[in-house]
Amino acid sequence: MSATSESGAGAPPAAVVRRERLGRALRNPVIGPLGALVIAIVVFTLTTDTFATVGNASLILQQSIVIGTLALGQTLIILTAGIDLANGAIAVLGTIVMAKHVVNGGDPLLALVLGLAITMLLGTVSGLLVTRLGLPPFIVTLGILTVTYALARLYAESRSYPVADRLLRIWGEGTTVAGVRITWGTFLLLGLFALFWFMLGRTAWGRHVYAVGNAPEAARLTGINTRRTVLSVYVAAGALYGIAAWQALGRIPNADPNAYQTGNLDSITAVVIGGTSLFGGRGSVIGTLIGTLVVGVLRSGLTQAGIDNLYQDVATGVLVIVAVSLDQISRRRAAR
Amino acid sequence: MSATSESGAGAPPAAVVRRERLGRALRNPVIGPLGALVIAIVVFTLTTDTFATVGNASLILQQSIVIGTLALGQTLIILTAGIDLANGAIAVLGTIVMAKHVVNGGDPLLALVLGLAITMLLGTVSGLLVTRLGLPPFIVTLGILTVTYALARLYAESRSYPVADRLLRIWGEGTTVAGVRITWGTFLLLGLFALFWFMLGRTAWGRHVYAVGNAPEAARLTGINTRRTVLSVYVAAGALYGIAAWQALGRIPNADPNAYQTGNLDSITAVVIGGTSLFGGRGSVIGTLIGTLVVGVLRSGLTQAGIDNLYQDVATGVLVIVAVSLDQISRRRAAR
Amino acid sequence: GSDAEPDGGDTSSGGGAEGVSIGLITKTETNPFFVTMREVAAEYADEQGVELTALAGAFDGDNEGQVQAMEDLIARGVDGIMITPNNSTGVLGAIEQARAQGIVVIALDTATDPEDAVDATFATDNLEAGRLQGAYVRAALGDEEPALIMLDGTAGGTVDTFRHDGFLDGFGIEEGDAAILGMENTQGDQNNAQTAMENLLQRNPDVNAVYTINEPAARGAYAALEAQGLTDQVVIGSIDGGCQGVQDVADGRYAATVMQFPAEMVRQGMDAIVEAAGGGEPPSGFVDTGSIVITDDPVEGIDSETTEWGLENCWG
Amino acid sequence: MNVDDRAPVLEARALSKSYGHVRAMSEADFELRAGEVLAVVGDNGAGKSTLIKALSGAVVPDSGEIRMNGEPVTFRSPLEARQRGIETVYQDLAVAPALDIASNLFLGREIRRSGIAGRLFRVLDGGAMRTEAKRQLDALGVRIPDVRQPVETLSGGQRQSVAVARAAAFGTRLVIMDEPTAALGVRESGMVLDLIRRIRDRGLPVVLISHNMPQVFEIADRIHIHRLGRRAAVVRPGESSMREVVEIMTGATEAAAGTGGPA
Amino acid sequence: MNVDDRAPVLEARALSKSYGHVRAMSEADFELRAGEVLAVVGDNGAGKSTLIKALSGAVVPDSGEIRMNGEPVTFRSPLEARQRGIETVYQDLAVAPALDIASNLFLGREIRRSGIAGRLFRVLDGGAMRTEAKRQLDALGVRIPDVRQPVETLSGGQRQSVAVARAAAFGTRLVIMDEPTAALGVRESGMVLDLIRRIRDRGLPVVLISHNMPQVFEIADRIHIHRLGRRAAVVRPGESSMREVVEIMTGATEAAAGTGGPA
Ligand SMILES: Nc1ncnc2c1ncn2[C@@H]1O[C@H](COP(=O)(O)OP(=O)(O)OP(=O)(O)O)[C@@H](O)[C@H]1O
Ligand SMILES: Nc1ncnc2c1ncn2[C@@H]1O[C@H](COP(=O)(O)OP(=O)(O)OP(=O)(O)O)[C@@H](O)[C@H]1O
Ligand SMILES: [Mg+2]
Ligand SMILES: [Mg+2]
């Protein structure tokens, strides 16, 4: 019974075919969404002449910034088998708090801090309700959604607040590279995705997030503090929504309590197109970034293609389904 | 090794305490939502003097009919670990098809059949995309949502169609019992819930629905035709949405392509308040009925209490969370 | 989302306007009011040989969607943009950007704040329209002590606020007056309005006046009152002037509606842009496209038209 | 009666299956004869479960051929195998944790009410299902407080008993059991061996995967030894010792009995 | 060295636990002494897993007392037990199927990079984790093609090995194993028994739940016999026969060795 040496010699029970690298790449879950993105870009490039310009690419990125950041927070929560219906509302309250403080003559930096504090607070409250009372995230965030929009309207006194302050609008500014305007917000978006890609993939915290979403009971039994892990995710998401609020003011320097009502569904869509499972524990933020871009490219491309209003909706619906089908097919291939 | 007789004698390894009935009742998953409903009713009865009238009760039932029927279909789909974002849209298209046919001088019965056919067709399409292509229900029904609203607007030419026909409005009529008006629609709603309560709990089909939602791979391995089961659920839901469309014309005899836009979230809310798990395989239609009523009671009660609109939103958000907390607490009790 | 509809392009007909391209951005693509605007614009563009691109936000309050639409239109290099802004300040940045590129920007239906952020505004004076509704309802009540229910639209909407405030002004009471029995937001949706009215009636069966933000809300209110058999004691007022609404007035469902003229807004706006594109003076200022009470029960001191006239001039 | 004389009931030739770059089964052969108990043994990860999943339709092999009573068959789903009377206890049990014991036992072939209610509307006879479930589990010597308990509340062994009882109750042509006694106690294991004997006595062949050598030698007519994704040998308990079997299994000796040849 | 002389490391008195109307544990006693291998045996559903879950913090008992080195402790979560050096292999393995083998092995105590990146940001040292995982699994004789494989793609036995390797690697005070060899092959089971011996030789006591009597008699210093939710007897392998143990377990004889008394 001294098989140690033998198994050390590495003759595996099932012969390992050494085309690992390619196999691994093909099984990478980001392949599907990426394929959809590439196909969309190619199709619109061929069918319209205004789509494939650097300017338009920069525009699509700018248009994706707020939803992208919301979707990043959404990804974290969905990875823990949760869902966040309140992200748009929380970001909106953030914009109101920031803008109203400045409009009333307050210090912009303090306004920013207050805005971020309120979004993190709301994230924390959601997280506590989910972890302490064990409530379904759907219900918790639905409640927070209703309450937050109401609070935003109450606090805004049902007005909107235009922002002139430079600090609050900073992410809308940018630099011009080779005649193309790239906003700081674009860099921030990419930076945030890189940060969370690293955090999820390379830190203990990231492992715990995946474990808690994939098998909560197993995670608990192995001694992971599941409550703290889940809570940390909601707090991080709250912070991201605060940043999204800041970015939103950079894009539209006007805080409106009725804005971003479809932020929740739009961000979930980006996450799901990106290949993350709504059942938790499987997925990646890179997928979400691609998913966000897929949605942005579809909208922009269909507009450039001059497709009629209502038919555009039809096309979007169909294309979203097609994009995810591609993902599904590539997965089945890999599973064979 | 002849323990058969011994175990037949029934001394179980863990002594079975014979307070089964009570225990079973307390562990009934409907207890939580029911408690929330009762508490809500008691609170509004005590705080307002117009809430606790038979007339108001009948009114709440009437207001709950359409959402209740949508939520019933939603329950079926959620039990299979799916979700339906398109139910409101499908019902709206149903109302347009029925109403336009009649407004254009068509036969009301044929109108009804056409309307039901289109909703069942859309349910079937969703089901096929989910079962054949293995796409996530969230994405499939999101696509169907967009497409269906667009189709409804195109077919309605962005107009709304008032309905005068008696057959199409039948569920809004009713009878007066002891001075209280009860619509046929109310009876239909209760009948539909009873039917599906029976189907889910007492037929092989129902068992398969639960099994497919709870453990799809196990269901497949035991030889259940999982695809057919899931498909049947989407078709049944489509039929229910058609009935919801008919009921909607009874309540508001005007088919409007922009109606019921929150039907999806509202129905999911009712399902989740009713204690059904979004992960599939656990829950009941009775819970959904109670969940629907909880939402109806909250809205009516808060209005009766004269609470300002925005504060009403705050209260609704908080109360929804409280309602589900009650459920959670009662479950923990039972699990001890 | 922002959506394109290149209805134009037919340059065979029309005089002087050929080659002019105009963008229209409405709040949503679903509300019949905006659908009418789009249809009128498409028709008018056809006649004039103007190239039209029609876009919209996804929901009331979708500033982001409207900004995206502006960006797309700027990228396309249109001559003029007509926009019904979500709120008076929501898209100022994008408007500024457009005007900096020499594009004529015209606000329709809703004014911006400040008003001169755009070249010109063609809109209903919603405060005045609300005032007309309020004055009519108050007059129709006669000597009765008013007991009012208000079915509002969306909290904080610019139009919603003007109409609401105008109504109270015309009705002759202040916000918070005891005569106001209840208020609910209905999003201008018939189903929501009916539910809200039903619930409010439980508490306030002695209502005699109802303010509604638009005609679907008025229909919902009527259905709830009808079910309770209270239609005779209540005066319902509304605003819009859609054909179905005018028909409702003709059928006696509610007392009056205040008609506005979206087609006028669109036509005048397009004329102004075409003229400016042809080297003329750019338009300027606020142009009230008017509003008028439609009723078959006229009251003293308030100008009104009959439903017959209304059905000829209605929209949608 | 000599099992060698009997015709093969289920046969497979050169079955292969890869998952990505892991080759779980490579050119595996298999042969089950009428009325026999065939044990399948092998190291962890040798590919035993993959083999029987291919035989029961749970996995579609990449290549190879399966024959039932000499006639080629392809199972694209477990349902198709079941319709031909093949009943399987899977290693991971294939139970629905939220459903109760009785429902799990009858999953996919519920007892229906008699008459039209049962035939047309598939209305269940809950009482009969519970009674019958209790009977089946008693026959396995499992003590279960209440057949209305959800399976997720059962102990590991109780759960396994449910899966075994299901296969035993419904197999009509042959029964495959993947480590059916792994979680069972001494007494319960004995009862499962008794059950396997009873099934054989009913004339059905049984495939038994087990790591428990004494058990295998006690009950098997022939032993299929699996190694590195394929059949390394087939031996008879009377003719080989436990030690020899283990040596073939672990690769210490190359298969003496001839790779793939019938024993 | 005589184990009887040693102090009890982990003790429990009168632990009870009910689920609804099912009484899984009723007044169970337990005693583990320093440096011993204590086997826990009993019928399916006897309450063995419930007992060790109570000892490892996975379940909070309704009543009763637990002492560690004489001092009363209450574990409200597995984390608290683990912080006191109790490491457990659960019967249902407690692995995250979607995560790879290395991640599962180190779940909850990942190897971090040295320096500030590791300490402050908890950045993982993926290479070290994979190397160490491979080493641990090799020591158990498990052949696993690739430690980057998700656990859900492993065979039943391979999966169990991952759980066993984890507990073996991290136990600092005592190790509890709930049927660690149930899914393992002959060779792999042997290696786990070797492992248990090595752990004992490191001075750590081990609790082993098993249905495999020969295994139990081979390795245990004492045998705790569980029946109907409580300890029926404690015996020593040298002093009682397998037959006697099975008889106590199944209730054929009332516990000769005296209920709850030390053997
Ligand atoms: N879905 C899958 N994806 C990738 N690899 C797999 C998958 N299923 C099985 N394998 C691999 O195939 C090999 C054989 O697995 P199998 O389950 O057939 O082994 P087994 O002989 O039943 O082992 P055990 O005795 O442990 O149950 C293992 O190396 C396993 O990791
Ligand atoms: N969560 C639960 N809910 C209800 N009953 C439970 C629960 N967990 C365990 N039980 C019951 O408690 C009893 C003891 O279970 P336990 O898992 O401790 O047995 P065991 O001795 O480990 O059995 P095995 O040898 O089969 O693993 C069983 O009858 C089981 O059905
Ligand atoms: Mg196996
Ligand atoms: Mg156990």
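The values are calculated or read from the model by the stated rules, or taken from the named source; none is laboratory data. Just so it is clear, the structure is predicted and the values come from calculations on it, not from any experiment. Backbone-built Cβ (ideal geometry, glycine too); neighbour counts: all protein chains shown. Just so you know, the surface numbers come from the protein's heavy atoms only, side chains and all, with ligands and any DNA or RNA stripped out. Shrake-Rupley method; radii C 1.70, N 1.55, O 1.52, S 1.80 Å.
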**OP:** Please calculate the 1.4 Å probe accessible area of residue E:63, with all protein chains present, and give it to the nearest 10 Å².
**Re:** 50 Å²
Subject >> Average beta-carbon neighbours from other chains, 10 Å sphere, peptide A:148-158 >> reply: 5
Original post:
When Lys and Arg each count +1 and Asp and Glu each count -1, what net charge do the other residues less than 9 Å away from residue C:257, Cβ to Cβ, add up to?
Top reply: -3
Original post:
Under the definition of partner shielding as Cβ atoms of other protein chains within 10 Å of a residue Cβ, what is the mean value for peptide B:132-141?
Top reply: 6
Subject >> Residue among B:178, B:305, B:270 with the largest mean-square fluctuation in a Gaussian network model of chain B, springs linking Cα atoms under 10 Å >> reply: B:178
Subject >> Sites residue B:54 and residue D:128 - FRET efficiency at Förster radius 41 Å, r taken between beta-carbons, to 0.05 >> reply: 0.40
Original post:
With axes computed from alpha carbons, what is the tilt in degrees of helix A:137-155 against the longest principal axis of chain A, rounded to the nearest 10 within 0 to 90?
Top reply: 20 degrees
Original post:
Using the beta-carbon distance between residue D:120 and residue B:225 and R0 = 30 Å, what value does 1/(1 + (r/R0)^6) give for FRET efficiency, to the nearest 0.05?
Top reply: 0.95
Subject >> 3J(HN,Hα) from dihedral phi, the stretch B:259-267, Karplus parametrisation 6.51/-1.76/1.60, rounded to Hz, x for glycine, proline >> reply: 7, 6, 5, 9, x, 5, 5, 4, 6
**OP:** Hey, can you grab everything whose amide H is under 5 Å from the amide H of residue C:82? Only 5+ residues off in sequence or another chain; H modelled, so Pro and N-termini drop out.
**Re:** C:23, C:24, C:25, C:106
Original post:
Taking only Cα atoms, what is the 0 to 90° angle, nearest 10, from helix C:126-141's long axis to the longest principal axis of chain C?
Top reply: 20 degrees
**OP:** Label the stretch D:12-157 by shape, choosing from rounded, prolate and oblate, from the square roots a ≥ b ≥ c of the eigenvalues of the Cα gyration tensor; if a/c is under 1.5 it is rounded, and otherwise prolate applies when a/b is larger than b/c, oblate when it is not.
**Re:** prolate
Subject >> Positive-pole candidate from C:137, B:271, E:52, dipole of the protein assembly as shown, charges at beta carbon >> reply: E:52
**OP:** Just need the relative contact order of the stretch D:97-169 here, percent rounded to a whole number, with Cα pairs under 8 Å and 6+ apart.
**Re:** 41 percent
Original post:
Going by accessible area, probe 1.4 Å, with all protein chains left in place, what is the ranking of B:188, C:108, largest first?
Top reply: B:188, C:108
Original post:
In whole Hz, what ³J(HN,Hα) sequence does the stretch C:290-303 give by Karplus (6.51, -1.76, 1.60; θ = phi - 60°), x for Gly and Pro?
Top reply: x, 8, 8, 6, 10, 7, 9, 10, x, 10, 4, x, 10, 5
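What does the charge dipole of the stretch E:97-169 about its Cα centre add up to, to the nearest 20 debye, if the Cβ of each Lys and Arg holds +1 and the Cβ of each Asp and Glu holds -1?
220 debye
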**OP:** Name the nearest-to-axis residue of chain A, judged by Cβ distance to the rotation axis taking chain A onto chain B, and quote that distance in whole Å.
**Re:** A:279, 3
Subject >> Across the identical copies, how the residue A:110 labels are spaced - nm, sorted shortest first, 7 Å along Cα→Cβ >> reply: 7.3
**OP:** Measure off, as a whole percent, the carbon and sulfur share of the 1.4 Å-probe accessible area of chain D, all protein chains present.
**Re:** 49 percent
Original post:
Taking only DSSP H segments of four or more residues, each worth -39500 (n - 2.57), what value at 222 nm results for chain D once the sum is divided by all its residues, to the nearest 500 deg cm²/dmol?
Top reply: -9500 deg cm²/dmol
Original post:
Can you give the calculated 222 nm mean residue ellipticity of chain B, where each DSSP H run of n ≥ 4 adds -39,500 (n - 2.57) and the sum is split over every residue, rounded to the nearest 500 deg cm²/dmol?
Top reply: -23500 deg cm²/dmol
Original post:
Using 1/(1 + (r/R0)^6) with R0 = 56 angstrom and r between the beta carbons of residue E:69 and residue C:175, what's the FRET efficiency to the nearest 0.05?
Top reply: 0.15
**OP:** Report ³J(HN,Hα) in whole Hz for each residue of the stretch C:188-202, in order, from the Karplus equation J = 6.51 cos²θ - 1.76 cosθ + 1.60 where θ = phi - 60°; Gly and Pro get x.
**Re:** x, 9, 4, 5, 4, 5, 5, 4, 4, 5, 4, 5, 5, 5, 4
**OP:** Please determine, in degrees from 0 to 90 and to the nearest 10, the orientation of helix D:186-201 with respect to the longest principal axis defined by the Cα atoms of chain D, where the helix direction is its Cα long axis.
**Re:** 80 degrees
Subject >> Debye, to nearest 20: dipole size of the stretch A:167-316, +1 on Lys, Arg Cβ, -1 on Asp, Glu Cβ >> reply: 580 debye
Original post:
Can you tell me the accessible area per residue over the protein assembly as shown, all protein chains present, probe 1.4 angstrom, in square angstrom?
Top reply: 36 Å²
**OP:** Specify whether the C-alpha gyration tensor of chain B places it in the rounded, prolate or oblate class, a ≥ b ≥ c being the square roots of the eigenvalues: rounded for a/c under 1.5, otherwise prolate if a/b is larger than b/c and oblate if not.
**Re:** oblate
**OP:** Order the peptides B:111-121, B:159-169 from the highest to the lowest mean number of other Cβ atoms within 10 Å of their residues.
**Re:** B:111-121, B:159-169
Original post:
In the structure displayed, which of E:17/E:134; D:17/E:134; D:134/E:17; D:53/E:17; D:17/E:48; A:100/C:27 lie more than 28 Å apart, Cα to Cα?
Top reply: E:17/E:134; D:53/E:17; D:17/E:48
Original post:
Amide H to amide H under 5 Å from residue C:147: which residues, 5+ apart in sequence or cross-chain, H placed 1.01 Å off N in plane?
Top reply: C:208, C:209
**OP:** Go ahead and estimate [θ] at 222 nm for chain C from helices alone: -39,500 (n - 2.57) per DSSP H run with n ≥ 4, summed, over the residue count, rounded to 500.
**Re:** -13000 deg cm²/dmol
Original post:
Roughly how much of residue E:48 is accessible, in Å² to the nearest 10, using a 1.4 Å probe?
Top reply: 10 Å²
Subject >> For the protein assembly as shown, with +1 on Lys and Arg beta carbons and -1 on Asp and Glu, the positive-most of E:240, C:279, C:170 along the dipole >> reply: E:240
Original post:
Under a Cβ-Cβ cut-off of 9 Å, what is the net charge of the residues other than residue D:237 that fall near it, where Lys and Arg count +1 and Asp and Glu count -1?
Top reply: -1
Original post:
Long-range amide H contacts for residue D:185: which residues qualify at under 5 Å (H placed 1.01 Å from N, peptide plane, sequence gap of 5 or more or a different chain)?
Top reply: E:44
**OP:** List the distances, in nm to one decimal, from the label point of residue B:55 to the label points of the same position in every other copy, shortest first, placing each label point 7 Å from Cα along the Cα-to-Cβ direction.
**Re:** 6.5
Subject >> Cα centre as origin, Lys/Arg/Asp/Glu Cβ charges: the stretch B:266-333 dipole, Debye >> reply: 400 debye
Original post:
Where Lys and Arg each count +1 and Asp and Glu each count -1, what net charge lies around residue B:153 among other residues with Cβ under 11 Å from its Cβ?
Top reply: -3
Original post:
What does the accessible area of residue C:226 come to, in Å² to the nearest 10, when a probe of 1.4 Å is used?
Top reply: 100 Å²
Original post:
Of D:187, E:202, D:6, D:243, which has the most accessible area and how do the rest follow, probe 1.4 Å?
Top reply: D:243, E:202, D:6, D:187
Original post:
Using alpha-carbon pairs under 8 Å, 6+ residues apart, how would you state the relative contact order of chain E in percent?
Top reply: 24 percent
